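Since the structure comes first, as structure tokens, the remarks are kept for the end.
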Amino acid sequence: MNTKTGNTIVICFLMLFALVFSRPSTGYSKRVYDIPLVKNEDKKEKSLRAFQTILEVLKDPRCINCHPTGDRPRQGDDQHLHLFNVSRGESNNGGPVQKCNTCHHKENNNYSNVPGAPHWSLAPKSMGWFGLTDEEIAKRLTDPEQNGGRSPEDLVHHMKHDSLVLWGWDPGKGRTPVKVSFNEFEKALDEWLENGAHIPTEKADN
Amino acid sequence: MNISFKINGKAVTVDTDPMTPLLWVVRDELSLKGTKYGCGKALCGACSLHVDGELYRSCSLPVKYAENKNVTTIEGLSENENELHPVQQAWMDINVPQCGYCQPGFMMAAAKLIEEIPEPTDQDIKENISNICRCGTHPRIIKAVKKAAQLKQSQKVQSDE
Ligand code: FES
Ligand code: FES
């Protein structure tokens, strides 16, 4: 081996050494090296998986019973039509004589055991989900034309903080709370949003 | 806690737990026994009364929601004893009650109904009054509501003239 070849080998060795041992330290390396590895597809999957948890909440009787696609809400875990001919009315809060407030108020009533929460009323018809497929619910929920102009961020905020939504986890004696825990729901909302707020779509017919 | 409101035009103050159902305040504190206790579960409508002109099932209405408002019970439905409310007149004309227990609640619901729907059909009445009568006076109630609506209309015509 002549001197020139020897020098070349030493230089190559030093470069390799420098490359291996000069990698940035842990926290930084994660950011630099991991991002290109998370494909958009993975994020989409994460978001869609989180949305399935959100759907479980939306379809829970405590939520969907007052999101009818027609004019009558439902009651109970068996989701029977609300007794007393309760109807949507012009403002989603009951008919001209019997309103939601005829019986329901701002809190659960420990005397009559009638459930209650602030602004107790039916969701507007455009937010009716009962009997729809997951894809149809997802589309309605996220369509600003139908959801009152809400962005995904607004939706997440609404679902985390609205007192009528939160009632689902504190429905009062004799009523089953929403089956997904609130912590799980919050986590799913964050994951859904952070990973692109994707929703399931109808599969094209073959 | 002191809670003040007007009942049948008279100012009252009661010292009670704000969550007490208005029904019990009306019956036990204010001794107005026309408003009835049927189920206590907002199911039957026997306890119906008006607060600021809206219909409520008072067994499910915490008294705090009546604060500073106008409560009307069956005792205050007519302006005075000589001038019956159209619902009272119609109820007498059609001879509606059987045992009578459910009737004050029905009458308060009927009074609200003819305010909102001046010419109610059978369908309107069935859809908008869901009170329960265990004596089965519903067919007479339907007749009487329609009659009350007519009386109210003719009173209105007379007063317009
Ligand atoms: S006593 Fe209030 S509805 Fe039956
Ligand atoms: S008249 Fe008896 S319950 Fe109605």
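Values quoted throughout were computed directly from the atomic coordinates according to the rules given, and no laboratory measurement underlies them. As the structure is a prediction and not an experimental result, all values here were calculated from the model. Counting neighbours? That spans all protein chains shown, and the Cβs are built from the backbone with ideal geometry, glycine included.
Whole-percent P(r), the range B:86-160, all Cα pairs, 10 Å bins from 0: 21, 58, 19, 3. Near A:Ser91: Cβ cut-off under 14 Å, other residues only, Lys/Arg at +1 and Asp/Glu at -1. The net charge is -1.
Each Lys and Arg contributes +1 and each Asp and Glu -1, all at the Cβ; summed about the Cα centre of the range A:44-205, the dipole is approximately 520 debye. Relative to the Cα centre, the charge distribution of the range A:116-206, modelled as +1 at Lys and Arg Cβ and -1 at Asp and Glu Cβ, gives a dipole magnitude of about 500 debye. Across the range A:77-178, C-alpha contacts under 8 Å between residues 6 or more apart give a mean separation that, scaled by the residue count, equals a relative contact order of 19 percent. Among B:Ser130, B:Ser58, A:Ser151, a tally of other beta-carbon atoms within 10 Å of each Cβ gives an order, fewest to most, of A:Ser151, B:Ser130, B:Ser58. Per residue of A:97-110, what is the mean number of Cβ atoms on other protein chains within 10 angstrom of that residue's Cβ? Neighbouring Cβ atoms belonging to other protein chains average 6 per residue here. Using the beta-carbon distance between B:Cys135 and B:Ser4 and R0 = 56 Å, what value does 1/(1 + (r/R0)^6) give for FRET efficiency, to the nearest 0.05? Taking R0 as 56 Å, the efficiency between B:Cys135 and B:Ser4 is 0.90. For the range B:86-160, what does the relative contact order come out to in percent, with C-alpha contacts under 8 Å and a separation of six or more? So the answer I get is 49 percent. When you filter the GluC sites (Glu not before Pro) in the range A:157-206 for DSSP loop state and at most 16 other Cβ atoms inside 10 Å of their Cβ, you are left with A:Glu202. For the range A:33-137, trypsin sites (Lys or Arg not before Pro) meeting the loop criterion (DSSP other than H, G, I, E, B) and having at most 13 other Cβ atoms within 10 Å: A:Lys39. Reported to the nearest whole Å, the Cα centre-to-centre distance from the range B:52-116 to the range A:153-174 is 36. Cβ crowding within 10 Å, taken as a proxy for footprinting-reagent exposure, orders A:Leu193, B:Leu61 from fewest neighbours to most as A:Leu193, B:Leu61. Farthest toward the positive end of the dipole of the range B:1-133, out of B:Ser4, B:Leu49, B:Ala90, is the Cα of B:Ser4, where the dipole comes from beta carbon charges about the Cα centre. Taking the Cα centre of the protein assembly as shown as reference, the dipole from Cβ charges on Lys and Arg (+1) and Asp and Glu (-1) amounts to some 800 debye.
Of the candidates B:Val12, B:Val26, B:Val145, which one comes out as most mobile in a Gaussian network treatment of chain B with C-alpha springs shorter than 10 Å? Fluctuation is largest for B:Val12.
For B:Phe5, neighbours were defined as the other residues whose beta-carbon sits under 12 Å from its Cβ, and their charges (Lys and Arg +1, Asp and Glu -1) total +1. Residues B:Glu54, B:Glu127, B:Glu75, A:Glu90, arranged from fewest to most other Cβ atoms within 10 angstrom of their Cβ, appear as A:Glu90, B:Glu54, B:Glu75, B:Glu127.
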